[in-house]
């Protein structure tokens, strides 16, 4: 229960569990791990990611198709994270500190893409 109080040896403390605190800290840390130094770098990263998704990703998709089928499509998230890592390697000033951050970024990109595709389809109908 968030906000409830209890007594302990050191005084009154919130009863927020350690796991809730850890989740909040990991979210904040993940947000800090994807960084871009300027707006121009963000635009360059978006262009690079778009080109990689248009050219390199289809090739990697066909090469990893058996693994994608075996994992029921979950390997595509790893493939998207790999595209983000390659983008960070190509564009100076756009950094991703760990592969876990790239995975989280890939999941966010997938969710944003899902929402924008749904909005686009509802306006066409």
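Read-outs: derived from the displayed coordinates by stated rules, not from any lab. Being a predicted model, the structure only gives us computed values, none of them experimental. Note that each Cβ is placed from the backbone with ideal geometry, even for glycine, and that neighbours are counted across all protein chains shown.
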Worksheet item: Quick check, is residue 107 under 19 Å from residue 58 (Cα atoms) and loosely packed, with under 14 Cβ neighbours inside 10 Å?
Response: yes
Discussion item. Considering only region 57-68, I want to know if a residue exists there that is surrounded by fewer than 14 Cβ atoms within 10 Å (Cβ to Cβ) and touching a helix residue (DSSP H, G or I) at 6+ places or on another chain (Cβ under 6 Å).
Written reply: yes
Worksheet item: How many residues does region 84-95 contain that are surrounded by 19 or more Cβ atoms within 10 Å (Cβ to Cβ) and within 12 Å of the chain's Cα centre (by Cα)?
Response: 1
